[in-house]
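Take a look at the structure set out below.
The values are calculated or read from the model by the stated rules, or taken from the named source; none is laboratory data. None of these values were measured; they are calculated from a predicted model. Glycine also receives a Cβ, built like all others from the backbone with ideal geometry; neighbour counts cover every protein chain displayed. With ligands, DNA and RNA removed, areas are computed over all heavy atoms of the protein, side chains included. Shrake-Rupley method; radii C 1.70, N 1.55, O 1.52, S 1.80 Å.
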Amino acid sequence: MQNDIPRHGLRPATVGVHGGYDDDPSTGATAVPIFQTASYAYGSTRDLADVFRGRAPGHVYSRISNPTTYALERRLAQMEGGVGAIATASGMGAITAVMTALLRAGDEIVSVRGIFGGTVSLFRNVLSRFNIRATLTAPDAASVSAAVTDATKVIFAETIANPVMDVPDLPALSEVARSHNIPLVVDATVTTPALARVKDFGADVIVHSTTKFINGHGTAIGGAIVDTGNYRWAEGRFEDLASLARKAGQMALLARLRNVVYRDLGACPAPQNSFLMLQGLETLSARMPIHCKNALRLAEFLASLPGVEWVNYPGLPTSPHKPVVDRLYGGIGGAILTFGLAGEADPARCMDSFVLARRMTNLGDAKTLVLHPASTIFAEYDRSERLNLGVTDDMIRVSLGIEDFEDIREDFEQAITQSTEN
Amino acid sequence: MEITVNGDAVTLDGPLTIARLLVEQEVKMPDMVSVEHNGKILDRAEFDKQQVRPGDTVEFLYFMGGGA
């Protein structure tokens with residue numbers, strides 16, 4: 001355990017390397033040790049009881065906290081500029097924990113549309129059974145504002161909606177949330193703190209699938225929740241959190257998660273996976289520019305091909321989202337794009353023709369990945385519902401890796417040529 | 001100066017900030033602690049600024065218990 005206080009003022013790339021952990025005091029190990037333990041022994045009954053009663057810090061059981069995972073939580077919270085973080089077993093585990101901690105029967109979520117199919121399913125197939133309703137709207141502030149009712153307790157958005165590639169104006173959505181005194185929960189999986197600290201755009205709670213760019217190599221499933229400290233739980237519309245805030249202050253949501261919801265749901269990460277996420281954070285800021293540059297170059301290349309009908313990449317000058325991308329993300333449109341082939345070309349034939357790019361349902365791998373959303377993540381919805389969610393039958397989604405761009409370009413050129421030949 | 005920390009009288013060179021107090025008291029896992037200063041829960045951004053003075057009361061509170 002460390003006695004230091006959080007380092008202030010360091011930039012995210014530096015925090016990604018150094019944050020959350022000092023050299024192990026007993027060995028000097030600079031890599032965070034993997035504390036592969038289920039539980040922790042205490043010297044006396046009173047010592048253990050003090051931790052249970054909140055009078056002393058300590059790890060008591062790895063479903064609730066673990067030293068390796070704690071280092072990950074500290075590092076990520078520092079990168080995001082948050083007051084604290086909780087790492088989860090998956091991104092879905094993070095969203096489930098946040099929604100379960102905030103909402104009760106009768107409450108509503110207003111979410112931008114075009115988001116990850118798994119999140120839509122959580123809203124429609126799981127939370128709905130507990131009488132929590134979600135409304136999906138266009139991502140502009142006027143549409144989101146119009147969807148808010150007295151029962152709305154959360155506004156939810158993805159930084160760049162996957163797979164429709166809408167880029168919500170988060171400061172504008174934050175204004176809507178402020179005006180109703182409800183939190184803005186932002187899934188920042190596809191941008192990560194390497195592109196932007198969404199705390200500065202008014203995000204109150206950040207969720208991540210750390211499986212993606214944070215891990216960076218497709219080696220483990222994980223998620224995280226960061227409380228940015230923007231939302232004043234003591235003055236908020238959540239009675240239990242307002243009450244808890246009298247003792248926990250800004251830590252009220254994290255305290256409720258740690259002591260009740262996260263603890264009881266049980267979606268904790270394995271220490272080994274936390275180690276892999278910590279390693280990923282160390283190189284995140286070095287990798288993201290390569291992912292994103294490859295995405296822009298591929299978008300430009302695809303747009304130049306007659307065999308390609310459309311390209312959706314928010315970093316292209318022709319994208320309606322480019323002004324928001326310029327304002328919030330320094331002109332960088334992320335590392336994911338979608339495209340459709342011209343004419344009647346079969347997207348499956350194109351998919352099957354890739355040699356380098358892998359047919360996989362994941363994002364943020366070092367490898368370039370391709371996916372046909374309509375037949376995979378969104379297959380559980382009928383065609384009209386898929387179109388309603390912004391997923392067309394011809395859509396091919398690409399998550400750019402960090403390979404040499406010329407090799408990516410050649411792979412796409414040959415795959416598209418093959419699939420558009422008669 | 002003398003202050004009260006978690007109910008115990010503590011003698012320190014002071015005055016000092018809450019952030020410094022966390023270090024001097026060797027508070028473990030400082031990211032997990034909530035600090036109550038003279039009955040008021042502090043924002044974390046205040047840790048660097050808030051001064052502790054003679055006679056003050058400080059409580060360190062943790063929210064990480066509850067095992068199997």
- The one condition in (1) open to solvent by less than 10 Å² (accessible area, probe 1.4 Å); (2) at pLDDT 95 or above that A:R237 fails to fulfil: (1)
- How many of the residues in the range A:268-311 are assigned to a strand (DSSP E or B) and open to solvent by less than 40 Å² (accessible area, probe 1.4 Å)? 2
- Item | Subset of the range B:1-23 that is open to solvent by less than 50 Å² (accessible area, probe 1.4 Å) and among the polar types (S, T, N, Q) - its residue that is modelled with the lowest pLDDT | B:N6
- Task: Just need a number here: residues in the range B:32-50 that are facing another protein chain (nearest Cβ under 10 Å), open to solvent by 20 Å² or more (accessible area, probe 1.4 Å) and in a loop (DSSP other than H, G, I, E, B).
- Result: 2
- Here the qualifying pairs (Cβ atoms under 7 Å; residues six or more apart or on different chains; first in the range A:258-283 and within 14 Å of chain B (Cβ to nearest Cβ); second open to solvent by 10 Å² or more (accessible area, probe 1.4 Å) and in a helix (DSSP H, G or I)) come out as A:V261/A:T100; A:L265/A:T96; A:L265/A:T100
- Message: Quick check on my filter: what residues within the range A:218-257 are within 11 Å of chain B (Cβ to nearest Cβ) and of a type in the set (F, W, Y)?
- Response: A:W233
- Item | A:H321 vs. criteria under 21 Å from A:I396 (Cα atoms), crowded, with 17+ Cβ neighbours inside 10 Å and touching a Pro at 6+ places or on another chain (Cβ under 6 Å) | yes
- Task: Restricting attention to the range A:383-422, report how many residues are open to solvent by 60 Å² or more (accessible area, probe 1.4 Å), closer than 20 Å to A:E309 by Cα and in contact with a helix residue (DSSP H, G or I) (Cβ under 7 Å, 6 or more places away or on another chain).
- Result: 1
- Task: With respect to A:A267, determine if the residue is closer than 22 Å to A:M99 by Cβ and more than 19 Å from the chain's Cα centre (by Cα).
- Result: no
- Message: For the list (1) at pLDDT below 95; (2) assigned to a helix (DSSP H, G or I), I need the number of the one condition that A:T361 fails.
- Response: (2)
- Filter the range A:336-353 down to residues that are in contact (Cβ under 8 Å) with a residue 40 or more places away in the chain, part of a helix (DSSP H, G or I) and of a type in the set (G, A, S), then give me how many there are. 1
- Listed residues A:Y70, A:Y21; which is of a type in the set (S, T, Y), open to solvent by less than 60 Å² (accessible area, probe 1.4 Å), within 21 Å of B:K28 (Cβ to Cβ) and outside any loop (DSSP other than H, G, I, E, B)? A:Y70
- Query: helices (runs of 4 or more DSSP H) wholly in the range A:100-213 with at least 3 residues that are within 26 Å of A:G364 (Cβ to Cβ) - which ones?
  - Reply: A:117-121, A:170-179, A:192-195
- Message: Among the residues in the range A:85-97, are any modelled with pLDDT under 95 and part of a loop (DSSP other than H, G, I, E, B)?
- Response: no
- Of the candidates A:D200, A:D264, A:D187, the one satisfying the condition of being at pLDDT below 95, of a type in the set (D, E) and open to solvent by 10 Å² or more (accessible area, probe 1.4 Å) is A:D264
- Can you find a residue in the range A:89-110 that is open to solvent by 40 Å² or more (accessible area, probe 1.4 Å) and either within 14 Å of chain B (Cβ to nearest Cβ) or without any contact (Cβ under 8 Å) to a residue 12 or more places away in the chain (or both)? no
- Message: Can you confirm whether A:A49 is in a helix (DSSP H, G or I) and not basic (K, R)?
- Response: yes
- Tell me which residues, restricted to the range B:7-31, are in a helix (DSSP H, G or I) and either more than 7 Å from chain A (Cβ to nearest Cβ) or of a type in the set (G, A, S) (or both). B:I18, B:A19, B:R20, B:L21, B:E24
